[in-house]
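Enquirer: Input: one structure, supplied below.
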């Protein structure tokens with residue numbers, strides 16, 4: 001019920017914003033502005049998404065927890081979804097998610113109740129105990 005109410009308020013606010021902007025600058029310019037902001041925003045999401053993917057890969061290489069980088073990627077995905085939804089308010093929210101310090105602040109706010117534990121990298125070579133000899137044996141195929 002709360003999600004439906006929030007959605008209804010967002011749609012109503014977007015329609016009111018469209019009417020206000022359209023009455024000031026005209027319908028054609030309003031549509032052009034919405035399309036231009038979506039194109040520019042998606043380009044910014046793409047470039048920042050690649051940078052975030054490189055940071056996550058570097059964290060995995062250093063055997064650090066990639067939780068922060070992955071959550072930044074999730075925030076960028078949310079920004080991309082907000083850019084797809086036509087409207088000025090959603091575009092403003094998406095542009096705010098593209099500001100790295102603000103995005104990190106929102107992630108820290110989200111993680112305030114969680115404890116992030118370090119994880120092991122399954123692709124890194126792990127030392128085997130020297131006290132155990134390798135297993136040897138014979139096998140036979142039964143058909």
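Enquirer: Among the residues of the stretch 3-32, which ones are under 13 Å from residue 86 (Cα atoms) and touching a residue at least 24 places away in the same chain (Cβ under 8 Å)?
Expert: 10, 13, 14, 17, 18
Enquirer: Right, another one. Tally the residues that are over 23 Å from the mean Cα position of the chain (by Cα) and loosely packed, with under 11 Cβ neighbours inside 10 Å, restricting the search to the stretch 5-59.
Expert: The number of residues fulfilling the criteria is 7.
Enquirer: Based on what the data block shows, is residue 97 under 30 Å from residue 20 (Cβ atoms) and either surrounded by fewer than 13 Cβ atoms within 10 Å (Cβ to Cβ) or modelled with pLDDT of 80 or more (or both)?
Expert: Values: under 30 Å from residue 20 (Cβ atoms): yes; either surrounded by fewer than 13 Cβ atoms within 10 Å (Cβ to Cβ) or modelled with pLDDT of 80 or more (or both): yes.
Against the criterion (under 30 Å from residue 20 (Cβ atoms) and either surrounded by fewer than 13 Cβ atoms within 10 Å (Cβ to Cβ) or modelled with pLDDT of 80 or more (or both)), residue 97 qualifies.
Enquirer: Looking at the stretch 41-67, I want the residues that are assigned to a loop (DSSP other than H, G, I, E, B) and have a partner that is surrounded by 14 or more Cβ atoms within 10 Å (Cβ to Cβ) with Cβ atoms under 8 Å, at least 6 apart or on another chain. Which pairs are those?
Expert: Listed pairs, sorted by first residue: 63/121; 65/59; 66/56; 66/59; 66/60.
Enquirer: What's the total number of residues in the stretch 80-118 that are in a loop (DSSP other than H, G, I, E, B) and touching a helix residue (DSSP H, G or I) at 6+ places or on another chain (Cβ under 7 Å)? Working first, answer last.
Expert: Taking the stretch 80-118 and keeping what is in a loop (DSSP other than H, G, I, E, B), we get 85-87, 98-99, 112-118.
Now drop any that are not touching a helix residue (DSSP H, G or I) at 6+ places or on another chain (Cβ under 7 Å), which leaves 86-87, 98, 116.
Residues that pass the stated criteria total 4.
The values are calculated or read from the model by the stated rules, or taken from the named source; none is laboratory data. Not measured: the values here are computed from a predicted model. Quick reminder, even Gly has a Cβ in these numbers, built from the backbone with ideal geometry, and neighbours come from all protein chains shown.
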